[in-house]
Amino acid sequence: MTFLLINASPRKGKNCYQVLENVKNVLDDNNLKYKVLNIYDLSIEYCNACGYCEKTGFCHINDDMKNLYKEFNNSIGTIVISPVYFDSVPAKLKTLIDRTQAFYASKYILKKSSIDRNKYRVGMFISIGGSKAYKTQFLGGEVVVDFFFKSINTKLIHKYYITDSDKIQIKNNIEALECIKNLTLDLMKRASKN
């Protein structure tokens, strides 16, 4: 049972990294395997809508996504940790998500899935906004990430949004850290049931 932990922040040691460390600690304490994907350390080219995946079910671009397709297929779950950029997710995360078009095309266009559709996987999305809460703060990211989890055949179990992190850093936000711990524990339980 391996979880994929996607860190979508380019800033080392800041709020997303603190959330990531918290999640890793919970998984470590429960002897669960995980792999951290710091996506700003990966080479992921943009989807250019070439149509190759609509004919083959696979992407022709030779970069770090080649291994990620296998990782998503083999995982028991995925946890995405992302900052808010203009009410959505950072461009690098959106690029990764766009490249899962290969899974989408294989499932819905070719009707021959390149990801195991019978395997049960669970997911969680944790998004961190620097400003005080406002109505649309997480809306764009939620729409994009919902579609991502459908594309990688993973049931999105939890969405957790943290606001005002410019004022209260995550490492000092005891309530948020406790909630993240509990949500991670719940995700683990759900993953182990199948």
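Every read-out reported here was derived from the displayed coordinates using simple, explicitly stated rules and does not represent laboratory data. Since the model is a prediction, treat every value here as computed from it, not as a measurement. Positions of Cβ are generated from backbone atoms using ideal geometry, with glycine treated the same way; all protein chains shown enter the neighbour counts.
Let a ≥ b ≥ c be the square roots of the eigenvalues of the Cα gyration tensor of the range 87-194; is it rounded (a/c under 1.5), or, if not, prolate (a/b larger than b/c) or oblate? Oblate, since a/c reaches 1.5 and b/c is not below a/b.
Against the main long axis of the alpha-carbon atoms of the chain, helix 174-192 sits at an angle near 40°.
Highest GNM mean-square fluctuation, the chain, Cα pairs closer than 10 Å: which of 62, 182, 15? Among 62, 182, 15, the largest GNM mean-square fluctuation belongs to 62. Shape call for the range 128-190 from the C-alpha gyration tensor, a ≥ b ≥ c root eigenvalues: rounded (a/c under 1.5), prolate (a/b greater than b/c) or oblate? Oblate is the answer for the range 128-190, as a/c is 1.5 or above yet b/c matches or exceeds a/b. Highest GNM mean-square fluctuation among 56, 100, 78, for the chain modelled with Cα contacts below 10 Å: 56. Overall form of the range 9-61: oblate. Here a/c, set by the Cα gyration tensor axes a ≥ b ≥ c, is 1.5 or more, and a/b is not larger than b/c. Structure note, pairs 66/94; 159/189; 167/193; 24/135: Cα-Cα distances above 27 angstrom occur for 167/193; 24/135.
To the nearest ten degrees, helix 65-74 and the longest principal axis of the Cα atoms of the chain are 80 degrees apart.
Just checking my list (1) 1.12; (2) 1.00; (3) 0.96 against Cα Rg over 2.2 N^0.38 Å computed from this structure; which label fits? Entry (2).
Report the extension gain between residue 67 and residue 91 in nm, rounded to one decimal, defined as 0.36 nm multiplied by the number of residues separating them, less their alpha carbon distance. Show your work: numbers first, answer last.
Numbers: separation 24, 0.36 × 24 = 8.64 nm, distance 2.01 nm.
In short, 6.6 nm is gained.
Axis of helix 139-151 versus longest Cα principal axis of the chain: the two differ by about 40°, to the nearest ten degrees. Computed from the Cβ-Cβ distance with R0 of 30 Å, the FRET efficiency linking residue 48 to residue 117 stands at 0.70.
Looking at the chain, identify the longest residue range that excludes and avoids all chymotrypsin sites (Phe, Trp or Tyr not before Pro) in DSSP loops having at most 12 other Cβ atoms within 10 Å. Spell out each step's value before the answer.
Working: sites that count: 46, 86, 134.
After excluding every exposed loop site, the longest remaining stretch is 135-194.
Extension gain, residue 143 to residue 161, is 5.1 nm, computed as 0.36 nm per intervening residue step minus the present C-alpha separation.
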